[in-house]
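K.L.:
Quick one: this structure, given as structure tokens, is what I'll be asking you about.
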Amino acid sequence: MRWAGTTTWAVIALAATSLPVQAQEPVRLYAAGSLRVALTEVAAAFEIKEGIAVRSEFGASGLLRERIEKGAPAEVFASADMGHPLTLQREGRSGPVTTFARNRLCALASSKLDVTTANLLDVLLDPKVRVGSSTPKNDPSGDYTWTMFEKAEKLRPGAYATLSGKALKLVGGADASPPPKDRSVYTMLMAEDRADVFLTYCTNGILAARELPALKVVPLPETLAVGADYGLTVINGASEPAVRLARFILSAPAQEILVKHGFAVAMPSK
């Protein structure tokens, strides 16, 4: 696979204009919630390699972007889509945006459902089946889910109205409770019987199923498949260590960590 968007090293172009900070200050990383486990491990590897601490905040990419626009002290922004970091770039708040990881949409299903890739759309359209999702606009996962609903409409006229009308926006909202620190929010929601099927990233589904083996991760059929490109950018005025963190996220060791956690990545050509 090749890199989309700008060249791999364009994201670190702000090095020359970075503002100096004291060495003991941690790098501030704002990242999509779906990257929590993977980038926590990446940050730990960076800290060992560079001797520089990383302070990470995870959440819905759209809400993080809004916080950055309001002056939140982010230095590196890793989004679950390209749109939010590109918005910061267009506003003159950050440097170039690079695709650094890819994901896909999957269905996380309760054990009480007889659901497969082949019958997934039938199950989702069943009036008795509760469908959980993230919140569109605030969280790219919700946007990708609504894109899937649009694809369903082409297969079954009326499907978009049915699915968008019944979808329960359980995460990603501005008023949503913070996710638990000790387990996946999807594990918690499914264990609490808040939904029968949850449409989320495949990586989120894999983590939830590891924590609660009764859950099943169901790939979407090709006719409904939706991919997700993740974008990385460095905020204007970021410290030199922050630029080094961005470079490290693009490096082979960090990308191997991403792959281990189920992401698809494209290595830069040498």
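The values are calculated or read from the model by the stated rules, or taken from the named source; none is laboratory data. Remember, it's a predicted structure, so these values are computed and weren't measured experimentally. Because the Cβ atoms are built from the backbone with ideal geometry, glycine has one as well, and the counts that use them run over all protein chains shown. Surface accessibility is based on the protein's heavy atoms, side chains included, excluding ligands, DNA and RNA. Shrake-Rupley method; radii C 1.70, N 1.55, O 1.52, S 1.80 Å.
K.L.:
In terms of solvent-accessible area of protein heavy atoms at a 1.4 angstrom probe, what is the ranking of Glu91, Glu222, highest value first?
P.N.:
Highest to lowest solvent-accessible surface, that is Glu222, Glu91.
K.L.:
So what J values fall out for segment 182-197 if you push phi through Karplus, 6.51 cos²θ - 1.76 cosθ + 1.60 with θ = phi - 60°, rounded to Hz, Gly and Pro as x?
P.N.:
So the J values, rounded to whole Hz, are 9, 7, 5, 5, 6, 4, 4, 5, 6, 5, 7, 6, 7, 7, 8, 9.
K.L.:
Tell me, in nm to one decimal, what length is gained between Thr147 and Arg67 on full extension, where the rule is 0.36 nm per residue of separation less the Cα-Cα distance?
P.N.:
That pair, Thr147 and Arg67, stretches by 26.3 nm at full extension.
K.L.:
Also, quick follow-up: Return the distance in nm (one decimal) between the two label points of a simple spin-label model at Glu47 and Asp175, each offset 7 Å from Cα along Cα→Cβ.
P.N.:
Here the answer is 3.5 nm between the modelled labels.
K.L.:
Roughly how much of Thr223 is accessible, in Å² to the nearest 10, using a 1.4 Å probe?
P.N.:
80 Å²
K.L.:
Now, a different point. Order of 154-160, 58-64 by packing, highest average Cβ count within 10 Å first?
P.N.:
Per-residue mean Cβ counts within 10 Å order the peptides as 58-64, 154-160.
K.L.:
Would you be so kind as to identify which of Leu113, Leu220, Ala176 lies farthest towards the positive end of the dipole of the chain, taking Lys and Arg as +1 and Asp and Glu as -1 on Cβ and the Cα centre as origin?
P.N.:
Of Leu113, Leu220, Ala176, it is Leu220.
K.L.:
I would also like to ask the following. How far, in nm, would the chain grow between Ala191 and Thr116 when pulled straight, counting 0.36 nm per residue and subtracting the alpha carbon separation?
P.N.:
25.0 nm
K.L.:
Hydropathy at least -0.5 by Kyte-Doolittle, axial extent at least 15 angstrom from the Cα trace: which helices of the chain, defined as entire DSSP H runs, fit?
P.N.:
36-50
K.L.:
Of the residues Leu88, Leu199, Leu189, which exhibits the maximal mean-square fluctuation in a Gaussian network model of the chain defined by a 10 Å Cα contact cut-off?
P.N.:
Leu189
K.L.:
Follow-up. By the gyration tensor of its Cα atoms, with a ≥ b ≥ c the square roots of the eigenvalues, what is the shape of segment 119-239: rounded for a/c under 1.5, prolate for a/b over b/c, or oblate?
P.N.:
oblate
K.L.:
How far, in nm, would the chain grow between Lys154 and Ala214 when pulled straight, counting 0.36 nm per residue and subtracting the alpha carbon separation?
P.N.:
Taking 0.36 nm per residue and subtracting the Cα distance, the gain is 18.4 nm.
K.L.:
Here's a follow-up. Using r as the Cβ-Cβ distance of Lys260 and Ala225, and R0 as 30 Å, what FRET efficiency do you calculate, to the nearest 0.05?
P.N.:
0.85
K.L.:
Using modelled amide H (1.01 Å from N, peptide plane; none on Pro or chain starts), what sits under 5 Å from the amide H of Asn236, excluding residues fewer than 5 places away?
P.N.:
Correct list: Ser94, Gly95.
K.L.:
For the chain, give the percent of accessible area contributed by carbon and sulfur heavy atoms, probe 1.4 Å, rounded to a whole number.
P.N.:
The computed percentage sits at 55.
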